[in-house]
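Have a look at the structure below, then the notes.
The values are calculated or read from the model by the stated rules, or taken from the named source; none is laboratory data. Since the structure is predicted, the reported quantities are computational estimates derived from the model, not experimental observations. Ideal geometry is used to build each Cβ from the backbone, glycine not excepted, and the neighbour counts take in all protein chains shown. Surface accessibility is based on the protein's heavy atoms, side chains included, excluding ligands, DNA and RNA. Shrake-Rupley method; radii C 1.70, N 1.55, O 1.52, S 1.80 Å.
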Amino acid sequence: MMSRALLCGAALATLSFAPAAMACTESPTGTYTCSTDPSDPVARAGDDDIIVNVDTGARVDGGSDVAIATDDRMALTNAGTIESAGNRAIESDNDATITNTGTISALTADAINVGNRLELDNFGTIETGDDAVQMGDHAVIVNHAGAAIRSDDKGITGGDNGTVTNQGGITVLNEGIELGDDAMVYNSGTISAVEDGVQIGRNGHVINSGVIESTGPDGDGLDIDDGAVINSGSITAAATSGAGIDIDGPFSDAGDGFPGAYDALTINNSGLIQGGTGILVETETYTEHGEDFYPNLQSQIITNTGAIRGTEGTAINVGMGADTLRLGAGSVIGGTVLLGGGDDLLSFFETGYSDGYDSLFDAGDGTDEAYFAFSDDLFESLSWLGGVLTLEFGGDAGVFDLALAGFETYTFENAGGAISYSTAELAGLTSQVPLPAAIWLMGLGLGGLGLTRRRQV
Ligand SMILES: [Ca+2]
Ligand SMILES: [Ca+2]
Ligand SMILES: [Ca+2]
Ligand SMILES: [Ca+2]
């Protein structure tokens with residue numbers, strides 16, 4: 001008996017060191033102020049229009065429950081800590097507004113799980129063993145400079161019409177940002193994901209001046225169906241099977257038939273797009289997980305003044321449809337370009353190019369055109385071998401060479417106006433000694449003259 005009483009006394013003494021959790025103060029009705037560490041959960045899951053303010057230094061501890069639960073139109077400001085060890089940190093329904101300058105964390109469940117029309121401004125930290133932010137449609141999220149979202153699953157995941165601006169860091173073990181159709185993603189920070197960096201659906205718009213990267217064994221930098229991408233930063237995938245930008249095709253439940261084609265995707269790149277394949281369009285038909293997947297038959301319109309690289313040998317594969325690849329001076333294409341079926345256009349729309357094109361440009365089936373915004377008298381050499389036309393340019397065109405296959409028309413902007421050749425006409429030039437030889441000898445002659453002049457100096 002004696003020893004038991006001593007034990008109880010010891011236990012009580014130990015407990016008394018931990019401050020008892022205090023309820024958040026409710027005043028006026030429906031408005032809570034949480035100012036102690038710890039504070040009890042706010043458990044108003046069935047109630048609308050709840051306002052919660054968590055003060056600096058305060059900590060709302062959900063324990064094994066949700067730390068803050070409300071129904072519609074919650075307005076939450078957190079400057080302290082909101083956490084749960086066994087459930088979601090924040091759970092609300094439609095029209096939630098959350099401003100976080102503190103920490104929101106959940107060990108085993110979503111940190112924030114809400115319905116439609118979430119407005120979230122994060123200046124602090126959101127971290128979780130599950131999804132960091134899961135929401136419905138029409139979300140508007142800003143992860144501000146210096147803010148961090150870390151998760152063992154997805155970072156930000158939601159439905160259609162979402163707008164996500166990331167100026168800070170999103171570091172996750174699954175997908176960084178996953179949204180449905182009509183998504184807008186503005187990134188000037190860093191999105192680092194083991195799976196896809198950003199995955200969005202149809203009519204997506206991505207403007208990136210920061211880093212979007214997939215670091216895992218099978219992710220893509222950006223996965224998108226149609227819409228527009230403007231990249232001045234980097235969009236990369238480490239996986240050999242992954243693409244910097246992966247462009248899906250339509251899909252439907254198995255047996256339901258072709259659901260209709262997607263629309264065009266425009267990509268303007270002045271930064272880096274790199275993956276096992278740099279830009280990859282779905283070209284296959286297959287069935288997986290009870291769904292039929294179809295090739296993307298649409299146009300991809302790519303303007304590149306930066307670099308597009310495929311570490312496994314293919315820089316760009318845009319498949320079926322009438323695709324356009326416009327290359328600016330100073331652009332780099334690291335790997336083969338496959339323009340695929342359809343009437344495609346390869347355009348060198350400037351002058352002053354550098355030698356950034358080591359691999360083949362294959363235009364594939366269809367009536368394809370190569371366009372040059374300079375004169376055909378800027379050929380240094382031309383050869384036709386095994387179906388590959390190799391052109392070497394100099395002068396105002398810039399010093400570079402190209403290997404072309406599958407093109408039907410070659411257009412040059414000569415002084416007297418544009419002139420077009422067929423492959424047969426250009427290939428024929430290589431077997432007619434006078435013209436190419438004359439050009440080549442003239443180049444050599446000028447080079448010799450230059451050498452002579454230099455020697456006189
Ligand atoms: Ca295409
Ligand atoms: Ca094509
Ligand atoms: Ca083609
Ligand atoms: Ca062709």
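Within the range 319-340, being within 16 Å of ligand 1 (Cβ to nearest atom), open to solvent by less than 10 Å² (accessible area, probe 1.4 Å) and of a type outside the set (D, E) holds for G319, L325, V337, L339.
Of all residues assigned to the range 363-384, at least one qualifies as being open to solvent by 30 Å² or more (accessible area, probe 1.4 Å), away from ligand 2 (no atom under 16 Å from the Cβ), outside any loop (DSSP other than H, G, I, E, B) and closer than 14 Å to A329 by Cβ. Filter the range 272-307 for residues that are more than 24 Å from I207 (Cβ to Cβ) and not in a loop (DSSP other than H, G, I, E, B); which is nearest to ligand 1 (Cβ to nearest atom)? That would be F293. Residue pairs whose Cβ atoms lie under 6 Å apart, separated by 6 or more positions or on different chains, with the first residue in the range 136-154 and at pLDDT below 95 and the second of a type outside the set (K, R), do not occur.
Each row is one residue, and each column tells you yes or no for (1) farther than 28 Å from D181 by Cβ; (2) within 15 Å of ligand 2 (Cβ to nearest atom); (3) open to solvent by less than 40 Å² (accessible area, probe 1.4 Å); (4) of a type outside the set (D, E).
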{"residue": "E288", "(1), (2), (3), (4)": "no, no, no, no"}
{"residue": "A307", "(1), (2), (3), (4)": "yes, no, yes, yes"}
{"residue": "I316", "(1), (2), (3), (4)": "no, yes, yes, yes"}
{"residue": "E350", "(1), (2), (3), (4)": "yes, no, no, no"}
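Contact annotation: residue pairs with Cβ atoms under 6 Å, 6 or more positions apart or on different chains, pairing a residue in the range 371-386 that is closer than 26 Å to T324 by Cβ with a partner that is of a type in the set (F, W, Y), are F372/F348; F372/F412; A373/F349; S375/F412; D376/F412; L378/F393.
Given the criteria at pLDDT 95 or above, surrounded by fewer than 24 Cβ atoms within 10 Å (Cβ to Cβ) and in contact with an Asp or Glu (Cβ under 9 Å, 6 or more places away or on another chain), does G201 qualify? Steps first, please.
On the way: at pLDDT 95 or above: yes; surrounded by fewer than 24 Cβ atoms within 10 Å (Cβ to Cβ): yes; in contact with an Asp or Glu (Cβ under 9 Å, 6 or more places away or on another chain): yes.
Criteria met by G201.
For the range 190-225, the set of residues classified as under 14 Å from G275 (Cα atoms), assigned to a loop (DSSP other than H, G, I, E, B) and among the hydroxyl-bearing types (S, T, Y) consists of T215 only.
Go through the residues of the range 333-348 one by one and say whether even a single one is assigned to a loop (DSSP other than H, G, I, E, B), under 30 Å from the mean Cα position of the chain (by Cα) and farther than 24 Å from G275 by Cβ. So far as the range 333-348 goes, yes, one or more of its residues are assigned to a loop (DSSP other than H, G, I, E, B), under 30 Å from the mean Cα position of the chain (by Cα) and farther than 24 Å from G275 by Cβ. When the range 352-362 is limited to residues that are in a loop (DSSP other than H, G, I, E, B), open to solvent by 30 Å² or more (accessible area, probe 1.4 Å) and closer than 22 Å to I245 by Cβ, the one that is nearest to ligand 2 (Cβ to nearest atom) turns out to be S359.
Taken together, I301, I230 contain a single residue that is open to solvent by 20 Å² or more (accessible area, probe 1.4 Å), under 15 Å from the mean Cα position of the chain (by Cα), within 30 Å of G352 (Cβ to Cβ) and of a type in the set (A, V, I, L, M, F, W, C), which is I230. A search for C-beta distances below 6 Å between a residue of the range 341-355 that is among the hydrophobic types (A, V, I, L, M, F, W, C) and away from ligand 4 (no atom under 16 Å from the Cβ) and any residue that is modelled with pLDDT of 95 or more and assigned to a loop (DSSP other than H, G, I, E, B), counting only pairs 6+ apart in sequence or on different chains, returns F349/A373. Which ones in the range 164-198 are more than 13 Å from S214 (Cα to Cα), out of contact with any Asp or Glu (no Cβ under 9 Å at 6 or more places or on another chain) and either open to solvent by 40 Å² or more (accessible area, probe 1.4 Å) or among the charged types (D, E, K, R) (or both)? Hits for the range 164-198 are Q167, M184, Y186, S188.
Out of F372, F407, one residue alone is within 16 Å of ligand 3 (Cβ to nearest atom) and more than 29 Å from the chain's Cα centre (by Cα). It is F407. Taken over the range 119-152, residues that are on the phi < 0 side of the Ramachandran plot and either open to solvent by 40 Å² or more (accessible area, probe 1.4 Å) or among the polar types (S, T, N, Q) (or both) amount to 16. Looking across the range 68-99 at every residue that is surrounded by fewer than 20 Cβ atoms within 10 Å (Cβ to Cβ) and hydrophobic (A, V, I, L, M, F, W, C), the one that is farthest from N53 (Cα to Cα) is identified as A85.
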